[in-house]
Amino acid sequence: MKVTISDVARLAGVSTATVSHTINSTRYVSEETKARVYQAIRQLGYTPDASARSFRTGKKQTIGFIVPDISNKFFGTIIESAENHLSAQGYHLIIANTKENMEREETNLRLLTAGLVDGLLVASTMDSFARLESLLPAGFPVVLVDRTFGSQKYSSVSVSNFQPIYRSVCRLAGRGKRRIGIVGGLPRLSTTKERIAAYRAAMADCGLPQEEELVVCGDSMENSAPPCLDRLLERGCDAILVCQGLMASVTIAYLRGKNIRPRRDLELVSFVDYDTRAYEFYYDQVDRIIQPVEELGKIAGEQILLRLEKPDAPVVERVLTSEYRPCGEEGA
């Protein structure tokens with residue numbers, strides 16, 4: 001026998017109207033009551049009629065998330081954190097993978113904004129804000145995640161890595177390193193631009209020569225790390241910053257394959273996109289810049305729901321900061 005909304009209301013000890021308001025977010029319901037309703041839904045295996053609900057409320061209870069690379073643990077962690085928050089509020093999450101391709105992102109933007117979702121989280125790979133904005137319907141709820149633009153009218157949540165990178169370069173200079181190279185991601189991304197700007201500022205302030213040949217960029221995918229490392233090693237680098245987590249994840253193994261020992265033969269600063277014990281085997285070999293990825297995802301989920309509830313609310317730019325953890329220092 002099919003479970004009905006009346007069954008859920010009876011088990012939760014509330015009215016059917018309260019169950020409906022909880023599921024559709026059409027009226028305030030206390031967190032305690034919401035918890036009882038969702039517990040009853042899970043216990044009974046109740047499935048609301050999505051098409052009927054959408055017709056009544058104009059809402060799909062669904063958020064789209066456009067990401068550049070779902071194989072990247074950084075974005076996987078953000079997705080999981082955002083989905084945890086959204087599902088607790090009765091929303092579903094649809095993921096679209098662009099593979100750092102602007103045409104794929106354009107296709108996904110058109111598809112998702114054509115009535116499939118109530119709002120969008122976007123980690124854009126676009127080369128300009130104008131191109132992104134031209135694809136979004138006026139007034140459509142959007143929150144930019146991780147990647148931002150110089151001029152924008154959408155709320156965003158991102159991470160600043162300027163100070164951690166600046167400090168890491170200064171520390172390397174203090175250890176006598178003179179030829180410090182940097183490996184960045186795609187040059188068009190705001191994240192790459194900020195990290196290279198921090199590197200250049202620190203090099204200048206430490207009195208180190210700024211040589212363009214010591215700045216190399218990959219395509220933000222792990223396979224692009226080895227050629228970048230080879231170029232910097234050929235140019236005589238005594239220290240290297242790998243400023244993109246997925247590329248950094250293959251760096252240690254690649255250097256070991258070339259019989260290059262971090263700390264002894266080469267100083268290394270590595271981005272860690274999630275603070276996990278999986279990195280413990282080289283904690284004593286490299287400096288780390290650890291990004292608050294789970295918090296990034298949670299805030300992204302909060303912000304998109306705020307845009308849905310209060311479309312006219314002021315644009316909010318939330319900027320988190322990474323943690324710089326020098327070699328040998330254990331985390332909390």
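The values are calculated or read from the model by the stated rules, or taken from the named source; none is laboratory data. Being a predicted model, the structure only gives us computed values, none of them experimental. Quick reminder, even Gly has a Cβ in these numbers, built from the backbone with ideal geometry, and neighbours come from all protein chains shown. Surface accessibility is based on the protein's heavy atoms, side chains included, excluding ligands, DNA and RNA. Shrake-Rupley method; radii C 1.70, N 1.55, O 1.52, S 1.80 Å.
When you scan region 123-217 for helices (runs of 4 or more DSSP H) that lie fully inside it, which ones turn up with 1 or more residues that are more than 30 Å from Thr98 (Cα to Cα) and acidic (Asp, Glu)?
190-205
Under 30 Å from Ser20 (Cβ atoms), assigned to a loop (DSSP other than H, G, I, E, B) and either of a type outside the set (D, E, K, R) or in contact with a Pro (Cβ under 9 Å, 6 or more places away or on another chain) (or both): is that true of Gly115 in this structure?
When the stated conditions are applied, Gly115 passes them.
Check off (1) farther than 25 Å from Ser270 by Cα; (2) open to solvent by less than 10 Å² (accessible area, probe 1.4 Å); (3) in a helix (DSSP H, G or I) for Glu106 and give me the number that stays unchecked.
Just one mismatch for Glu106, condition (2).
Search region 181-196 for residues that are at positive phi and of a type in the set (A, V, I, L, M, F, W, C) and pair each with any residue that is open to solvent by 20 Å² or more (accessible area, probe 1.4 Å) and part of a helix (DSSP H, G or I) when their beta-carbon atoms are under 7 Å apart and the residues are at least 6 apart or on different chains.
The qualifying pairs do not exist here.
Go through region 77-87 and report how many residues are farther than 12 Å from Phe65 by Cα, surrounded by fewer than 17 Cβ atoms within 10 Å (Cβ to Cβ) and touching a residue at least 12 places away in the same chain (Cβ under 8 Å).
1
Looking at Ala88, Ala130, which is the one that is within 19 Å of Leu189 (Cα to Cα), out of contact with any strand residue (DSSP E or B) (no Cβ under 6 Å at 6 or more places or on another chain) and at pLDDT 90 or above?
Result: Ala130 is the single residue among Ala88, Ala130 that is within 19 Å of Leu189 (Cα to Cα), out of contact with any strand residue (DSSP E or B) (no Cβ under 6 Å at 6 or more places or on another chain) and at pLDDT 90 or above.
Is it the case that region 121-143 has a residue that's buried (at least 21 other Cβ atoms within 10 Å of the Cβ), out of contact with any Cys (no Cβ under 6 Å at 6 or more places or on another chain) and of a type in the set (Gly, Ala, Ser)?
Checked against the condition, which is being buried (at least 21 other Cβ atoms within 10 Å of the Cβ), out of contact with any Cys (no Cβ under 6 Å at 6 or more places or on another chain) and of a type in the set (Gly, Ala, Ser), region 121-143 yields at least one hit.
Return the pair list, or none, for Cβ contacts closer than 6 Å from residues in region 162-180 that are in contact (Cβ under 8 Å) with a residue 60 or more places away in the chain and within 17 Å of Val216 (Cβ to Cβ) to residues that are in a helix (DSSP H, G or I) and open to solvent by 10 Å² or more (accessible area, probe 1.4 Å), at least 6 apart or on different chains.
Going by the 6 Å Cβ cut-off, the qualifying pairs are Ile165/Arg195.
Which residue pairs have Cβ atoms closer than 8 Å, lie 6 or more positions apart in sequence or on different chains, and pair a first residue in region 235-262 that is over 12 Å from Met221 (Cα atoms) with a second residue that is buried (at least 23 other Cβ atoms within 10 Å of the Cβ) and among the acidic types (Asp, Glu)?
Filtered contacts from region 235-262: Asp238/Glu267; Ala239/Glu267; Ile240/Glu267.
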